[in-house]
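**Student:** Structure below; questions to follow.
The values are calculated or read from the model by the stated rules, or taken from the named source; none is laboratory data. Keep in mind that what you see is a predicted model, and the values were worked out from it rather than measured. Cβ sites come from the backbone with ideal geometry, for glycine too, and all protein chains shown count toward neighbours. Ligands, DNA and RNA are excluded from the accessible area calculation, which covers all protein heavy atoms including side chains. Shrake-Rupley method; radii C 1.70, N 1.55, O 1.52, S 1.80 Å.
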Amino acid sequence: MQAVLLEEFQEPLTVQDVERPEPEPDGAVAEVIGCGICRSDWHCWQGDWDWFGYRPDPPHVLGHEPTGRVVSVGEDVENVEEGQAVAIPFNFACGTCDLCRNGRENICENHIGLGFMNQAPGAFAEEVHIPNADLNAVPLPDDIDAESAAGMGCRFMTSFHAMAHRAPVSAGDDVVIHGCGGIGLSAVHIANALGGNVIGVDLMDEKLDRAEDLGAVATVNAQEVDDPAKEVRDITDGGADVSADALGIATTCQNAVNSLRKGGTHVQIGLTTSEEEGMVSLPTDEFVAKEIDFKGSLGLQPSRYSEMLDMVESSKLDPTALVEDTVDIHQVPDELAAMSDYNTVGIPVCNEFSN
Ligand SMILES: [Zn+2]
Ligand SMILES: [Zn+2]
């Protein structure tokens, strides 16, 4: 089958023939319907995330935002059936560690990152393997179409967990999202649906326009002001209740924290780049003086997908609103290469794998 292969970090990606996966006894194989193309793929390709354990040994198939249709299941699988449409979280869980048993499968002790770790070849491919499928394959309702499903990749579900569970955003909260790429725009849309008054911050007017389309009540072009955080504090009359860094660079993280009012909560959604290697200096005394909470957010636990799917089914959330473009597998390398200059807007989705 065809797959997008990382053969050498930072060198051009290629589409190659690789072997089809076979299901492990507890696993399933799904035909990929759609797979979002994400900045995280780009980071992995750059070899950025050594310190996070997301640096596979090449050659490795990239892609971590799939939805699919199950084509075969292992002998020990009980709940997943052939033909079923499924969402596939990127952070596979074991189901048996303490965190999994306490409803925090997204940070499972034995977590395997789809497309990021050797154990899990990715989903820019005709088919993808899902280990421990009874937990990690999330059945989709019949009336969610494939395109919506394909828009619910890591960015959308990660943003849902960040806004709905980690912040959590409630009615009337002032919410500022720093960085309006795919994750950021998803967060804008979701925070708005949860009742927040959302402010989008970015360097590009085009992305800020999209943020307004998705429900932002105000935007700040960080290039046009001296201090974007002060701008947010002025707009919100003292600071936001919730801030998110949806990019993962020192500047956006610091600006986000500095946008908060007393008692506010910062949610870190983006991992950092090779520039920061996970280290960002922050105004810790402000955390003390203002009793600011700093929270991390990773993925979304399969057991809570139903909350997001319910909001999609009732049209409060529309993952297709973020899908900028659909492409075939041969265009994936170029789409990822285009991310090197941070100009991409919204979410491109690959939905044609075998041509
Ligand atoms: Zn676990
Ligand atoms: Zn992603």
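**Student:** What are the residue pairs meeting all of these: first residue in the stretch 14-38, first residue in contact (Cβ under 8 Å) with a residue 40 or more places away in the chain, second residue of a type in the set (Phe, Trp, Tyr), Cβ atoms under 6 Å, and 6 or more apart or on different chains?
**Tutor:** Going by the 6 Å Cβ cut-off, the qualifying pairs are VAL32/PHE353; CYS35/PHE124.
**Student:** For the stretch 141-184, enumerate the residues that are assigned to a helix (DSSP H, G or I), of a type outside the set (Asp, Glu) and in contact with a helix residue (DSSP H, G or I) (Cβ under 6 Å, 6 or more places away or on another chain).
**Tutor:** Listed by number, the residues that qualify are SER148, ARG155, PHE156, SER159, PHE160, MET163, GLY182, ILE183.
**Student:** Residue check: is PRO56 part of a loop (DSSP other than H, G, I, E, B), within 16 Å of ligand 2 (Cβ to nearest atom) and surrounded by fewer than 24 Cβ atoms within 10 Å (Cβ to Cβ)?
**Tutor:** Answer is yes for this residue.
**Student:** I would also like to ask the following. Considering only the stretch 122-131, state which residues are away from ligand 2 (no atom under 16 Å from the Cβ) and in a loop (DSSP other than H, G, I, E, B).
**Tutor:** GLU126, PRO131
**Student:** Looking at ASN91, ASN132, ASN106, ASN118, which one is within 16 Å of ligand 1 (Cβ to nearest atom), in contact with an Asp or Glu (Cβ under 7 Å, 6 or more places away or on another chain) and among the polar types (S, T, N, Q)?
**Tutor:** Exactly one residue qualifies, and that residue is ASN132.
**Student:** Oh, and also: Yes or no: the stretch 67-79 includes at least one residue that is open to solvent by 50 Å² or more (accessible area, probe 1.4 Å) and of a type in the set (Lys, Arg).
**Tutor:** Yes, the stretch 67-79 contains a residue that is open to solvent by 50 Å² or more (accessible area, probe 1.4 Å) and of a type in the set (Lys, Arg).
**Student:** Looking at GLU19 and the list (1) open to solvent by 90 Å² or more (accessible area, probe 1.4 Å); (2) over 14 Å from ALA125 (Cβ atoms), which single condition is not satisfied?
**Tutor:** (2)
A quick yes/no check of all residues on (1) of a type outside the set (Phe, Trp, Tyr); (2) under 30 Å from GLU31 (Cα atoms); (3) away from ligand 1 (no atom under 16 Å from the Cβ); (4) buried (at least 24 other Cβ atoms within 10 Å of the Cβ):
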{"site": "CYS154", "(1), (2), (3), (4)": "yes, yes, yes, yes"}
{"site": "SER159", "(1), (2), (3), (4)": "yes, yes, yes, yes"}
{"site": "ALA162", "(1), (2), (3), (4)": "yes, yes, yes, yes"}
{"site": "GLY172", "(1), (2), (3), (4)": "yes, no, yes, no"}
{"site": "VAL175", "(1), (2), (3), (4)": "yes, no, yes, yes"}
{"site": "GLY182", "(1), (2), (3), (4)": "yes, yes, yes, yes"}
{"site": "ALA187", "(1), (2), (3), (4)": "yes, yes, yes, yes"}
{"site": "GLY196", "(1), (2), (3), (4)": "yes, no, yes, yes"}
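**Student:** Please specify each residue of the stretch 89-120 satisfying the condition of being within 16 Å of ligand 2 (Cβ to nearest atom), open to solvent by 10 Å² or more (accessible area, probe 1.4 Å) and in a loop (DSSP other than H, G, I, E, B).
**Tutor:** PHE90, HIS111, MET117
**Student:** Being of a type in the set (Asp, Glu), more than 20 Å from the chain's Cα centre (by Cα) and farther than 27 Å from GLY195 by Cα narrows it down to one of GLU276, GLU291, GLU224, so name that one.
**Tutor:** Of GLU276, GLU291, GLU224, the one residue that is of a type in the set (Asp, Glu), more than 20 Å from the chain's Cα centre (by Cα) and farther than 27 Å from GLY195 by Cα is GLU224.
**Student:** So, of the residues in the stretch 128-148 that are closer than 23 Å to GLU78 by Cα and small (Gly, Ala, Ser), which turns out to be surrounded by the fewest Cβ atoms within 10 Å (Cβ to Cβ)?
**Tutor:** Checked the stretch 128-148; the qualifying residue surrounded by the fewest Cβ atoms within 10 Å (Cβ to Cβ) is ALA133.
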